[in-house]
Amino acid sequence: MAKITLPDGSIIEAADGATAKQIAEQIGAGLAKAALAAKINDNLVDLATPIKTDASIQIITAKDEIGLEIMRHSCAHIMAEAICSLWPNAKLVYGPTVEEGFYYDIDLDEPIRPTDFERIEAKMSEIVKADKPFIRKEMTRAEALKKLAGDIYKSDNVNRATGDIMSFYSSGDGFEDLCRGPHIPSTGKAGAFKIMSVAGAYWHGDPSQKMLQRVYGTAFRNRKELDDFLTRLEEAKKRDHRVIGKQLDLFSFNDAGPGFAFMHPKGMIIWNSIVEFWRGVHNKFDYEEIKTPIILNKELWHKSGHWDHYKENMYFTRFDDADYAIKPMNCPGGCLVYKTRKHSYREFPLRVAELGLVHRHEASGVIHGLFRVRQFTQDDAHIFCTPDQIEAEIIGVIELTFEIYRAFGFDDFHVELSTKPENHIGSDEIWDIATNALKKALAHKKIDYKINEGDGAFYGPKIDFHIQDCLKRSWQLGTIQLDFSMPQRFELVYTDKDNTEKAPVMIHRAVLGSFERFIGILIEHYAGEMPLWLSPEQVRILTISEKSNDYAKAVEKILKENKIRCSCDLSDEKIGAKIAFTHTEKLPYMLVVGPKEAQTESVNVRIRGQQQNKTIKLDEFVKMALQKIADKQIDLNV
Ligand SMILES: [Zn+2]
Ligand SMILES: [Zn+2]
């Protein structure tokens, strides 16, 4: 008998050689039915795996993220089998999972077209309906290579794999594929799936190799989850910031600089509104602001460690017979500013912010609108303090961070804490002090968080902030990173109470991360309908006829005196056409004025997204708009 430890710590006995499936049955019929795979002593395995010795076991179902991933990967096999049955010449290359789906790279001369997806899916449904078991067969590397002779792709996969045991999986009637596994027990356990797209992909991502066809699919636990996902995808397409950015004339990209955004006048109004707000909050939280150069010499980047660890992502230049790099991060420059004078414990904590323009090279295949650019402005700051100030500083950063997120209408966030990795610098003592300070600060703010054990940087633990947008997509924005390395590399010191020189604790933190990316997120979250305080144009005044031009101009003057961004539409168009056109520009307010409004010093207010309109006194409108701007209200109702 083998002693089997379950996730809740309880122990059951199982017959020697009992499979994970049998153990699931022993635990309960419901679990056995839902079971997709198992984790035995931290190894993911098929349900059919026999357990020979005492072990801990967790039965994996589709409710587990990893269970969903195994199901998606199994769908990649089902799709491969379907494609091979429709195109017997297809050669399979590689079929991993990706976020929210899977793909299979296929070598086939005849192109697979979107019009083929339906019949591939129909074939897949047949395979699922047949509920064929995934059966694992193991052999040695040499045997596997012999079996795969002539199949360059799968032989290559064997050559790239580690270990001497290779495994093949067959599903019932002859379809077989080299794979490490694990898979769902049988094809009938696949959830709801859909083929999404097909694209060209070079073998090994190498342009000198053959172009393969990469067929993407997705799978979810059930039809409803798949439908929800497809709806979200449709909605995301409508909100694509690249499309809206063009439509509203906010920014552009040009082949002259791939991955470098050009911000247009309207985009700069959003940008500057964020900067102004950001500065105000930082002022309130006692930050100073600096600006450091974007080009600094090679010696500095050697000292900071970037030359050795980050070189692939950096841009370089050379002049006056010396090598320089364009900064990918602001920290080294911040350290140089720190070092320009002596520091005492009395001036700690020292909070130094920088809206730093950084350049990081990204492969051309991954740059994506404002989300992934090669140049961006980071809302950076470095806090220098003593170890016993860490906790209070972290609390301060958390408060500042949430204040900023809430102003943009993001109330739904989650926090992750990453702790000491195996490879780290700094004593266990300082790691304990720092990690405990982070935990205490989170506890103090009553924040639930997820711990990523061992996931911190080698130089210190960190906290990440994630927000959720209206499509329930999660975005990592802010980060608080403790650093025990850089103060040493730059020999930063301060004079402590006992008159000795000590290295300060350095905290790196960013709230929005990248301004460019954040603006992209805002555009998609609001579908271009920016909150009033961020709208490039807040109010448009529309005249019913030219008789009201003077009054319209007077209204414009008053709004401008109150720093409300506005313009007049005095064109000869019919009022209906003017309103329709202004709608497409997604302005928060339209003020329609005619002789009646002029006589009563009032305006007819139309609110974005609403059919009704309301006539109110002009001074009342101004007062209300100013209040909403000052409070950063999202609600536009008058
Ligand atoms: Zn597989
Ligand atoms: Zn930094």
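The values are calculated or read from the model by the stated rules, or taken from the named source; none is laboratory data. None of these values were measured; they are calculated from a predicted model. All Cβ positions, glycine included, derive from the backbone under ideal geometry; neighbour counts span all protein chains shown. Ligands, DNA and RNA are stripped out before the accessible areas are found, and what is left, the full protein with its side chains, is counted by its heavy atoms. Shrake-Rupley method; radii C 1.70, N 1.55, O 1.52, S 1.80 Å.
A few points about this structure:
- Percentage of interatomic Cα-Cα distances in the range 321-377 larger than 17 Å: 57 percent
- Dividing the convex hull volume of the alpha carbon atoms of the chain by its residue count gives 229 Å³ per residue.
- Residue pairs, from the table 284/497; 303/342; 129/194; 284/462; 284/560, whose Cα atoms sit over 26 Å apart: 284/497; 284/560
- Per residue, the convex hull around the alpha carbon atoms of the range 95-229 comes to 132 Å³.
- Note on the chain: dipole from Cβ charges, positive end direction compared against 208, 79, 152; the farthest Cα belongs to 79.
- Heavy-atom accessible area for residue 624, with the other protein chains in place and a 1.4 Å probe, reaches approximately 40 Å².
- Here the calculated FRET efficiency for residue 281 and residue 146, from their Cβ-Cβ distance with R0 = 56 Å, stands at 0.25, rounded to the nearest 0.05.
- Mean projection of the Cα convex hull over all viewing directions, computed for the range 1-91: 6.9 nm².
- Within the range 200-321, the percentage of alpha carbon pairs spaced more than 26 angstrom apart rounds to 63%.
- Difference of contour (0.36 nm per residue) and Cα-Cα distance, residue 89 to residue 211: 42.3 nm
- In this structure, the pairs whose alpha-carbon distance is over 27 Å, taken from 237/450; 91/237; 21/63, are 237/450; 91/237.
- Degrees between helix 117-129 axis and first principal axis of the chain (Cα, 0 to 90, nearest 10): 50 degrees
- Over the range 414-465 - Rg/Rh using Cα atoms and the Kirkwood inverse-distance radius: 0.96
- Stokes-Einstein translational diffusion, the range 424-517 - Kirkwood Rh over all Cα pairs, 0.890 mPa s, 25 °C, in µm²/s: 161 µm²/s
- Spacing of the two label points (7 Å from each Cα toward its C-beta) at residue 476 and residue 243, in nm: 2.9 nm
- Of all accessible heavy-atom area on the chain, the percent that carbon and sulfur account for (1.4 Å): 50 percent
- The residues of the chain expose, per residue, 49 Å² of accessible area to a 1.4 Å probe.
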